[in-house]
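For reference, the structure discussed in these notes is given below.
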């Protein structure tokens, strides 16, 4: 059998192959799925009574903006990690965003500590941050796993790590809207510590969850 005849024989009656969605398309889908749920969580938990005043403070909005940027870049990097045609440098975008986020919170903590003569450095026990972020980030994490499992199992460790960071950062965007922290040190230690803890835990579990998916 000639090569051309063999190719024709092998390819006839094959179903059409759908092109895999781009990371940008997956990111948009993830946002459209998770954003309404986060709004619902804030509504059910009850927004802070002084939320309007908080949102008029530049430091609060900068922290929220950087948390959102971290969530978006981490989600984008997670979807890029599942594609062999995406460059490796995109996987490090969440690290840059996260460092800027932590640096901004550290700067705020230092400034407030000077203004309040050390009162902003007071650290109280707030174990509610850990379950609050875990519960708030549960649906974003489930949605992330759902989308990642439908992609190619390529660089699954990076995909699980970035995906977990995206869910944790998205939860941190919603958390300050209904859970107040007494001092900036509590935000830096408890809330950011919970984000890191949740990210590492979910990433470790994610490598087992992101098994070989079905191709689309």
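Coordinate-derived values only; no laboratory data. Because the structure is a prediction, the values reported are computed rather than measured. Virtual Cβ from ideal backbone geometry, glycine too; neighbours counted across all protein chains shown.
Between residue 22 and residue 149, what is the spin-label point distance in nm, taking each point 7 Å from the Cα along the Cα→C-beta axis?
2.7 nm
Go ahead and run the numbers for FRET between residue 54 and residue 29, Cβ-Cβ distance against an R0 of 30 Å, rounding to 0.05.
0.50
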